[in-house]
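> Got a structure here, written out as structure tokens. Questions coming.
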Amino acid sequence: MTDEAVVREFKTLIRDVADFPKPGILFKDITPLLADAAAFADAVDAMIAPFAGIAVQKVAGVESRGFIFATAVAMKLRLPLIPIRKKGKLPYKTREVTYDLEYGQDTLAVHEDAAREGEQVLIVDDLLATGGTVGATAELVKSLGAHVAGLSFLIELEFLGGRSRFDGVPIHSVLRY
């Protein structure tokens, strides 16, 4: 199957849900894609492919849907996983960063020993929208002395411009809307 055919297949498996989680939002529901084992495996492969030539030591996944893809990517690459969680969810000493959302603020945390100086970290999430959550994740990775080797997403909402926040960082999105 060609790359275009794979993208078309993936798009048929992404369900649009109007007015979720609030009126005016068109939510991209990934659960039908996750329910198709072959498509899920192909999506993970598509998320990894552009980073084959980059020496990555760890994969960071963002709570919560990002964990699904980051875990699969880390397993496929046989690399350690760094969970990026909401404040108060990690049991050990953490680094935290607070960032702005369109409706307020949120705080993400990472264990302070999750990465070492100079390690190359691939950040994986299900969706790139405005870039706020992934920007905060990149800030956490850098606070540990590690380097953001790239960003990989299943879906990118191009009209929200999140990509523009990450000059010089390789970014790959399998599906773009």
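> Is there a residue being of a type in the set (V, I, T), under 24 Å from V56 (Cα atoms) and open to solvent by 40 Å² or more (accessible area, probe 1.4 Å) anywhere in the stretch 89-111? Before the answer, list the steps.
Taking the stretch 89-111 first, the residues of a type in the set (V, I, T) are 94, 97-98, 107, 110.
Cutting the leftovers down to under 24 Å from V56 (Cα atoms) gives us 94, 97, 110.
Among the residues that remain, those that are also open to solvent by 40 Å² or more (accessible area, probe 1.4 Å) are: 94.
Yes: one or more hits.
> From L151, L122, L108, which residue is within 16 Å of the chain's Cα centre (by Cα), part of a strand (DSSP E or B), touching a residue at least 24 places away in the same chain (Cβ under 8 Å) and closer than 22 Å to F10 by Cα?
Checking each option against the conditions leaves just L151.
> Now for a different question. Looking only at the stretch 36-76, how many residues end up being crowded, with 21+ Cβ neighbours inside 10 Å and either free of Cβ contacts under 8 Å to residues at least 12 places away in the same chain or not in a helix (DSSP H, G or I) (or both)?
Of the residues in the stretch 36-76, 5 are crowded, with 21+ Cβ neighbours inside 10 Å and either free of Cβ contacts under 8 Å to residues at least 12 places away in the same chain or not in a helix (DSSP H, G or I) (or both).
> Quick check: is even one residue across the stretch 130-139 in a strand (DSSP E or B) and of a type outside the set (F, W, Y)?
No: zero hits.
> Shifting gears a bit: Answer with yes or no whether I30 is open to solvent by less than 50 Å² (accessible area, probe 1.4 Å), under 20 Å from A74 (Cα atoms), in contact with a helix residue (DSSP H, G or I) (Cβ under 7 Å, 6 or more places away or on another chain) and modelled with pLDDT of 95 or more.
yes
> Can you find a residue in the stretch 69-89 that is of a type in the set (F, W, Y) and in contact with a strand residue (DSSP E or B) (Cβ under 8 Å, 6 or more places away or on another chain)?
Applying the first criterion (of a type in the set (F, W, Y)) to the stretch 69-89 yields 69.
Adding the requirement that they be in contact with a strand residue (DSSP E or B) (Cβ under 8 Å, 6 or more places away or on another chain) leaves 69.
Within the stretch 69-89, one or more residues are of a type in the set (F, W, Y) and in contact with a strand residue (DSSP E or B) (Cβ under 8 Å, 6 or more places away or on another chain).
The values are calculated or read from the model by the stated rules, or taken from the named source; none is laboratory data. The model shown is predicted, which means the values in this text are computed figures rather than measured ones. Cβ atoms come from the backbone with ideal geometry, glycine included; neighbour counts cover every protein chain shown. For the accessible areas, the whole protein counts, side chains as well, though only heavy atoms, and no ligand, DNA or RNA atoms are used. Shrake-Rupley method; radii C 1.70, N 1.55, O 1.52, S 1.80 Å.
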